[in-house]
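Only one structure is covered here, and it is reproduced in the block below.
The values are calculated or read from the model by the stated rules, or taken from the named source; none is laboratory data. Because the structure is a prediction, the values reported are computed rather than measured. Backbone-built Cβ (ideal geometry, glycine too); neighbour counts: all protein chains shown.
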Amino acid sequence: MDEHTVTVLIHFVTHQERQLQFEALTRAHVETRQKALGCLRAELLQDVDSPDQFTLIEVFASQAAIDAYYESREYNTWHAKVKPWLKVYSGRDQRWRVGGPGDPSANHRALS
């Protein structure tokens with residue numbers, strides 16, 4: 001991945017009674033998301049000790065690719081379905097780059 005890629009980390013905590021529904025719908029959505037123009041990677045991780053906690057990792061080719069995806073019907077349909085099942089939804093506005101122009105030794109930094 002080059003210096004222009006942007007990674008989005010999103011953290012979810014589901015209502016316990018909706019954890020299985022959230023996981024099934026979101027895993028299917030991740031497969032669709034991986035086919036979105038500009039999406040280089042999408043992966044859903046589940047906490048081993050707290051199965052109601054998930055992290056979604058998305059790597060996009062550019063900020064424009066992220067913006068286009070978040071405006072898509074696919075994203076908005078998925079989001080509308082899962083939102084009531086969540087206790088916590090955080091991180092969509094936290095974007096990260098590894099390194100970057102003029103700063104090859106940088107780790108991760110938040111983009112505002």
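In summary, GLN21 fulfils each of the numbered conditions (1) part of a helix (DSSP H, G or I); (2) under 13 Å from THR7 (Cα atoms); (3) touching a helix residue (DSSP H, G or I) at 6+ places or on another chain (Cβ under 9 Å) with the single exception of condition (2). Remark: pairs (first residue in the range 18-42, closer than 14 Å to LYS81 by Cα; second residue assigned to a strand (DSSP E or B); Cβ separation under 6 Å; 6+ apart in sequence or on different chains) = PHE22/THR14; THR26/LEU44; ARG27/LEU44. Being touching a Ser or Thr at 6+ places or on another chain (Cβ under 6 Å), at pLDDT 90 or above and either on the phi > 0 side of the Ramachandran plot or of a type outside the set (A, V, I, L, M) (or both) is a property that does not hold for TRP96. Among residues of the range 64-82 that are of a type in the set (Val, Ile, Thr), those with a beta-carbon under 8 Å from a residue that is modelled with pLDDT of 95 or more at least six positions away or on a different chain give the pairs VAL82/PHE22; VAL82/LEU25; VAL82/THR26. Residues in the range 38-69 that are surrounded by 13 or more Cβ atoms within 10 Å (Cβ to Cβ), assigned to a helix (DSSP H, G or I) and not β-branched (Val, Ile, Thr): GLN63, ALA65, ALA68, TYR69.
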